[in-house]
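*Asks:* Here it is, the structure, as structure tokens.
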Amino acid sequence: MSGRRVTVTRNPAPAAGPLRPLGAGPDADAEPDGWAEPGELHLRSIVAGQLSLARRTLAAAAGILLGAAVLPALGEYAGIGTPGVWLVLCLAPPPLWALLAVTHLRRAERIERESVRTARDGG
């Protein structure tokens, strides 16, 4: 840093706002005049969309697990036999998990792209 002194003629610009704790209530998220920041609304829409997607993905994952748990009993009932059931249990779930993961990732990215496009277009 140089030894030169600089005279400050005005106060620095105010900060964007006070810091709020995570998980604060809805009143803490509102600006004093009742308006929220545009970036905050944009972020909230992305988080809400991806949270909804995460719930659906977890439900699908639970369905795969439930199907894997019920399959041996159904295999015996259908007469497939124990070796056939275990072969299906070894071969079916991994591709389903991979398909579920890829689908979740693509949908999460689509939510982000659509939200950015909406914010950019002013809608």
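The values are calculated or read from the model by the stated rules, or taken from the named source; none is laboratory data. All values derive from a computational prediction rather than experimental measurement. Just so you know, the surface numbers come from the protein's heavy atoms only, side chains and all, with ligands and any DNA or RNA stripped out. Shrake-Rupley method; radii C 1.70, N 1.55, O 1.52, S 1.80 Å.
*Asks:* Output the number of residues of the stretch 97-123 satisfying the condition of being polar (S, T, N, Q) and open to solvent by 60 Å² or more (accessible area, probe 1.4 Å).
*Replies:* Final tally of qualifying residues: 1.
*Asks:* Let me spell it out: the conditions are (1) at pLDDT below 85; (2) in a helix (DSSP H, G or I); (3) β-branched (Val, Ile, Thr), and residue 111 meets all of them except one. Which number is the exception?
*Replies:* Status for residue 111: all satisfied but (1).
*Asks:* Follow-up question, since we're still on this one. I'd like to check something: does the stretch 40-60 contain any residue that is modelled with pLDDT under 75 and closer than 24 Å to residue 122 by Cα?
*Replies:* yes
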